Amino acid sequence: MTRCACNVEDFKPEPGAYRPQQLPEHPPRILLAKIGLDGHDRGVKVLARSFRDAGLEVIYTGLWQTCEATMHAAVQEDVDVVGVSLLSAAHMTIMPEMLRLRAELGIDHVPVVLGGIVPVADYPALEQMGVAAVFNPGSPLPKIIDKVYELAAGRRARDARDLGADYEKKDVRALAQLITAIQRRRPLDGFAAPRGKAVVVGVTGAPGVGKSSFIAKLGKELRQRGQRVAVVAVDPSSPVSGGALLGDRLRMMSSPPDRDFFVRSLSSRGEHDGLAPRCREVVDLLNGFGFDYILVETVGAGQADYGIHGVTQRVILVLMPDAGDSIQFSKAGLMEIASSFVINKADLPGADATEGQLRSALGDRRPVWRVCSVRDEGLAAVADWVQSLS
Ligand code: B12
Ligand SMILES: Nc1nc2c(ncn2[C@@H]2O[C@H](COP(=O)(O)OP(=O)(O)OP(=O)(O)O)[C@@H](O)[C@H]2O)c(=O)[nH]1
Ligand SMILES: [Mg+2]
């Protein structure tokens, strides 16, 4: 393998403390994408952190995405800006396809910006095809952040009555924009979601136990059974900047994209119950849209974070091997409100012991499953239980 020509050690990221002069009341949302085989994710990660510190909500979808999956994610997430990072010299192929899909999906109002290794000679052609801005490795972060804020500020919210009419026609863009309207506390002009009959299940557990990975695979299993699935995934927002790095979606990206697997990332925006503000209204909106199952992922939870109990019919508590012993499993709070337990990462040592201690501490009939989300193992039994709730 050829080594890179440049010295990586020379790179010193600028501190991410820059904030624009005037922060808007609600954080703008940007989706950051790495498309194709380009594995250079260092720059996009620096950006994600810097955007978060500058008060933006950042949805990072991870490496090796397709144009199609990225633009479908932009629709569901109702972002204000899409940012593409390309260091693979494929920009003159990928950007026209991104813009074609933007038009096809009816989200021409969303500016698409590009950053990475892009020869200046290509800038005019990119601008002409409709790319809103191009940034190269020399671009100062404050300049990038200001431009993103400027582009996001140019967006005009649609009239709630029009959105309501399109929602009733099952337009997924209207659903996504109504979620934003709810989150941003805009008046809905009398619009109310119809009653639905979805089963609403909460998924909670400590940070990093694999909640998102588990939801991705449970959702896949339910989709294979012909069920329509929506996910609300909450990640923490910064108490300092108000921004957030919304990383749950990264585990749930599917290619080709699936219209009946709707994922919406929300930030906690100062709520302390593991959920986002107005989470129940968001769930009602998804319910009225006709999903069969709605899965709500909390922020990485602690023992006293049981707000999810009030929003969902059942709660799955995700644990992992070596997560504690029978004393932890006997404590009050989260353990009490769980309807069932998933020991994820069952491929790791200690799953047997954790299951034994959990079962002995529970002493009741609540189900316990062992799952390995990364290997797609153990999901069928959980899906059977979820379906039995209908
Ligand atoms: C580090 C590095 C690597 C690392 C990547 C580690 C990682 N996880 O990212 C490793 C060693 C793995 C690597 C491998 C390769 N690399 Co390399 N790599 C680099 C190097 C030296 C630095 C990139 C970097 O991290 N910069 C620091 C970050 C912070 O900056 P940045 O990514 O440019 O991002 C900034 C801006 O561009 C901008 N930006 C970037 N994205 C976005 C997105 C938006 C929306 C916005 C607004 C702004 C923005 O803002 C960021 C912050 O300031 C560059 C050379 C260079 N000087 O750029 C070569 C370079 C990118 N690599 C190159 C090549 C060829 C390769 C390999 C093919 C080499 C090989 N034959 O194996 C492989 C391919 C790997 C793959 N799968 O894609 C070439 C690409 C040539 C081209 N495009 O024409 C370069 C340019 C080196 C060269 N001059 O030949 N590489
Ligand atoms: N070994 C192993 N790793 C897993 C498994 N499931 C998830 N992981 C890894 O665990 C890490 C965290 O996974 P996530 O799904 O993001 O965890 P999370 O609980 O949603 O994290 P937060 O939302 O940040 O609380 C990732 O690196 C996953 O790849 C599994 O079954 N086995
Ligand atoms: Mg998660």
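The values are calculated or read from the model by the stated rules, or taken from the named source; none is laboratory data. Everything numeric in this text was worked out from a predicted model, so none of it was measured. Ideal geometry is used to build each Cβ from the backbone, glycine not excepted, and the neighbour counts take in all protein chains shown. Note: areas computed on protein heavy atoms with side chains; ligands, DNA, RNA excluded. Shrake-Rupley method; radii C 1.70, N 1.55, O 1.52, S 1.80 Å.
Suppose all protein chains stay in the model; what accessible area per residue would a 1.4 Å probe give for the chain, in Å²?
That works out to 45 Å² per residue.
Please compute one quarter of the surface area of the Cα convex hull for region 201-241 and express it in square nanometres.
3.7 nm²
Enumerate the calculated ³J(HN,Hα) couplings along region 26-33 in order (Karplus 6.51 cos²θ - 1.76 cosθ + 1.60, θ = phi - 60°), each rounded to whole Hz, writing x wherever the residue is Gly or Pro.
Couplings: 10, x, x, 10, 10, 9, 9, 10 Hz.
Using protein chains only and a probe of 1.4 angstrom, how many square angstrom of D352 are accessible, to the nearest 10?
Ignoring ligands and nucleic acids, D352 comes out at about 110 Å².
Each label point is 7 Å from the Cα along the Cα-to-Cβ direction; what then is the distance between the points at K45 and D384, in nm?
Rounded to a tenth, the inter-label distance reads 4.1 nm.
Once amide H atoms are built 1.01 Å from N in the peptide plane, which residues 5 or more positions from G202, or in another chain, come under 5 Å H to H?
It is V296, Q313, R314, V315, I316, by chain and number.
Magnitude of the Cβ-charge dipole of region 284-390, K/R +1 and D/E -1, about the Cα centre, nearest 20 debye? Don't skip to the answer; put the middle values down first.
On the way: 8 positive and 14 negative charges, 41 e Å.
In total the dipole reaches around 200 debye.
What do the square roots of 5 times the Cα gyration tensor eigenvalues come to for the chain, in whole Å, largest first, as semi-axes of the equivalent ellipsoid?
So the three semi-axes of the chain are 36, 25, 20 Å.
What residues have an amide H closer than 5 Å to that of L246, excluding those fewer than 5 places away on the same chain, when H is modeled at 1.01 Å from N in the peptide plane?
Amide H neighbours of L246, under 5 Å, 5+ apart: V58, I59, Y60.
Would you grab the residues whose amide H sits under 5 Å from the one on S265? Only those 5+ places off in sequence or on another chain, please, with H modelled 1.01 Å from N.
Residues meeting the amide H criterion: A233.
Could you work out the local net charge near G307, counting Lys and Arg as +1, Asp and Glu as -1, over the other residues with Cβ closer than 9 Å to its Cβ?
Summing Lys and Arg as +1 and Asp and Glu as -1 gives -3.
Using the Karplus equation 6.51 cos²θ - 1.76 cosθ + 1.60 (θ = phi - 60°), what ³J(HN,Hα) coupling, rounded to whole Hz, does each residue of region 325-337 give in order, writing x for Gly and Pro?
10, 5, 5, 4, 6, 9, 6, 6, x, 3, 4, 6, 7
How many Å³ per residue does the convex hull of the Cα positions in region 331-390 occupy?
That works out to 92 Å³ per residue.
What FRET efficiency comes out for Y123 versus R155 if R0 is 35 angstrom and r is the Cβ-Cβ distance? Round to the nearest 0.05.
0.90
Toward the positive end of the charge dipole of the chain, about the Cα centre and with charges on Cβ (Lys, Arg +1; Asp, Glu -1), which of L362, A230, A193 goes farthest?
The residue sitting most towards the positive pole is A193.
Excluding ligands and nucleic acids, what accessible area in Å² is computed for I179 using a 1.4 Å probe, to the nearest 10?
Surface open to solvent at I179 totals about 0 Å².
Which length gain, in nm to one decimal place, applies between L63 and D376 when the Cα-Cα distance is subtracted from 0.36 nm times their residue separation?
110.6 nm
Along the positive direction of the dipole of the chain (beta-carbon charges: Lys, Arg +1; Asp, Glu -1; about the Cα centre), which of H72, A33, G115 reaches farthest?
With unit charges placed on the Cβ atoms, the residue in question is H72.
Return the loop-located chymotrypsin sites (Phe, Trp or Tyr not before Pro) in region 278-317 (DSSP other than H, G, I, E, B) with at most 16 other Cβ atoms within 10 Å of their own Cβ; answer none if there are none.
none
Only Lys, Arg, Asp and Glu count, each charged at its Cβ (+1, +1, -1, -1), so figure out the dipole size of the chain about its Cα centre, rounded to 20 debye. All intermediate terms of the calculation are to be shown ahead of the outcome.
Working: 46 positive and 47 negative charges, 83 e Å.
Here the size comes out at about 400 debye.
Expressed in nm to one decimal, what extension gain is obtained for the pair R259 and R365 from 0.36 nm per residue of sequence separation less their Cα-Cα distance?
In short, 34.5 nm is gained.
Suppose we look only past 22 Å in the calculated P(r) of region 199-388. What percent of the Cα-Cα pairs does that tail hold?
43 percent
Starting from the Cα of K147, draw a straight line to each of the aspartates and glutamates and keep only those under 16 Å, dropping any in the same chain fewer than 8 residues away.
K147 reaches D53, E57, D80, E127.
Per residue of region 55-71, what does 6.51 cos²θ - 1.76 cosθ + 1.60 with θ = phi - 60° give for ³J(HN,Hα)? Whole Hz please, x for Gly and Pro, Karplus curve as stated.
Once θ is set to phi - 60°, the couplings for region 55-71 become x, 9, 8, 10, 9, 9, 9, x, 6, 6, 8, 9, 4, 5, 4, 5, 6 Hz.
Work the Kirkwood hydrodynamic radius out for region 17-153: mean of 1/r over every pair of different alpha-carbon atoms, inverted, in Å.
14.8 Å
What does the charge count near M95 come to, summing +1 for each Lys or Arg and -1 for each Asp or Glu among other residues with Cβ under 11 Å from its Cβ?
Net local charge, M95 excluded: -1.
I need to check one value: relative contact order of region 220-320, counting alpha carbon pairs closer than 8 Å and at least 6 residues apart, in percent.
So the answer I get is 33 percent.
With an 8 Å cut-off on Cα pairs and a minimum separation of 6 or more residues, tell me the relative contact order of region 199-388 in percent.
That works out to 27 percent.
For R185, what accessible area in Å² do you get when you roll a 1.4 Å probe over the heavy atoms of the protein chains, rounding to the nearest 10?
150 Å²
Over the chain, what is the mean sequence separation of C-alpha contacts under 8 Å (at least six apart), divided by residue count, expressed as relative contact order in percent?
For the chain, the relative contact order is 16 percent.
What's the magnitude of the charge dipole for region 17-153 around its Cα centre, counting Lys and Arg as +1 and Asp and Glu as -1 at the beta-carbon? Answer in Debye, nearest 20.
Values: 11 positive and 16 negative charges, 91 e Å.
The calculated dipole for region 17-153 is roughly 440 debye.
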